[in-house]
């Protein structure tokens, strides 16, 4: 007989993965209620990509152009 505490289930892996995410991403992933680790990873990756694209656009607008004399 095998103890269930020794082998973590899929739900345990999902909870641990979500627990390690940044707060703003974590809340969005929790709201989708993923049941599989693969789904949680996919959702988190999509959200991180969107966030990084936003930073790139924001930084591009704030950069000064070099003036050539």
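Read-outs throughout are calculated quantities, based only on the coordinates presented, and are distinct from any laboratory measurement. As the structure is a prediction and not an experimental result, all values here were calculated from the model. Cβ placement follows ideal geometry from the backbone for every residue including glycine, while neighbour counts extend to all protein chains displayed.
Regarding the range 10-57, what are the three Cα extents along the principal axes, ordered largest first, in Å?
For the range 10-57, the Cα spread along each principal axis is 37, 17, 15 Å.
Among 12, 49, 23, rank each residue by its count of other Cβ atoms within 10 Å, from fewest to most, as a rough exposure measure.
Details: 12 13, 49 10, 23 6.
The order, fewest Cβ neighbours first, is 23, 49, 12.
Taking other Cβ within 10 Å of each residue's Cβ, how do 51, 58 sort, fewest first?
Working: 51 12, 58 9.
Starting with the residue having the fewest Cβ neighbours, the order is 58, 51.
In nm, what is the difference between 0.36 nm times the number of residues separating residue 52 and residue 11 and their Cα-Cα distance? Spell out each step's value before the answer.
Details: separation 41, 0.36 × 41 = 14.76 nm, distance 2.80 nm.
Gain on stretching residue 52 to residue 11: 12.0 nm.
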